[in-house]
Structures are given as structure tokens and as C-alpha cells.
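Since the structure comes first, as C-alpha cells, the remarks are kept for the end.
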């Protein structure tokens, strides 16, 4: 009898301490996104592109300014050929943006080295727009970017 009690007690402790007994509402299952920006990567066929913090800042004229970072961790160079926001081709700071190994491309902010503005997308804070990034080697990446208000930490973000 004593062995059965010890086994039962051990099993119940293991389930409760590992949160397996919490069911579908376990805290470990309720992960949330830490920032407003979305991230993605392309890590196949010799590519290693990482895109982080992508979001759009709504401008008073309805255009949207891209915010975020991208870095090519692969030894082979790539290039950002274009950006589409809500079906509108964004105007980038250069026709193509080179993506050399470990050299980040930063859109907006104090250390920005690139910019992209989508005119005529009727950007409204709180909504989302599809953002397509077109790379010369890695192909296409689709993101669903949040549009934020041009206020607070984004007050200085403009075209």
C-alpha cells in the first residue's frame, strides 16, 4: 500500500510541477509578441536573412514609413530589390539595397542607413498591411505589419 501512495504522490507532483496538469490554459502556452514589429527569416538554400522589428508608421498624408532591420548572415551577398506595402511599391532610398554579410540595413531611427515610404496606402494606426520584401537571391518574404501612430517613440519617423 505504501508503494502505491508514494507512486501516486510522485506522479501528481510531477504533473503539477511541470505544468502538464494545467491543460490548454497553461501559462507556458500563452506566448505573446514582445514588440509591435514582426520578424521573419529565410534560411534555406544557403540563405540566412533575418528581418526584425518590421512595422509601419502612419503619416498625416496616409502614406506609411517602414521601420525595422534586416541582416544577411550568409557569406554570399544578396540585395533588397523592392518593397511592396499593401499592394503599393514603396519608394526606397536606393534602387537596390546591398545586403553584405553581417552589415545590417536599418530603416528609420538615429542609425538608419535606408528608408522606404509607401505613398497612397491610406495607412491607419492599429490596422495591418501586407509587406512583401523582394530579395535578389533569397526570393520573396511576406510579413503582416502593424501600422502605428506617428507619436511617442515614432513621432520623429517621417518621409
Where only alpha carbons of the stretch 97-137 are counted, the Rg and the Dmax (Å): 13.1, 35
Projected-area average for the stretch 38-154 over all orientations - Cα convex hull basis, square nanometres: 6.5 nm²
The stretch 38-154, relative contact order [Cα under 8 Å, separation at least 6], %: 30 percent
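We did not get these values from a lab; they are worked out from the coordinates using the rules stated. All figures in this text were calculated on a predicted structure; none of them were measured in a lab.
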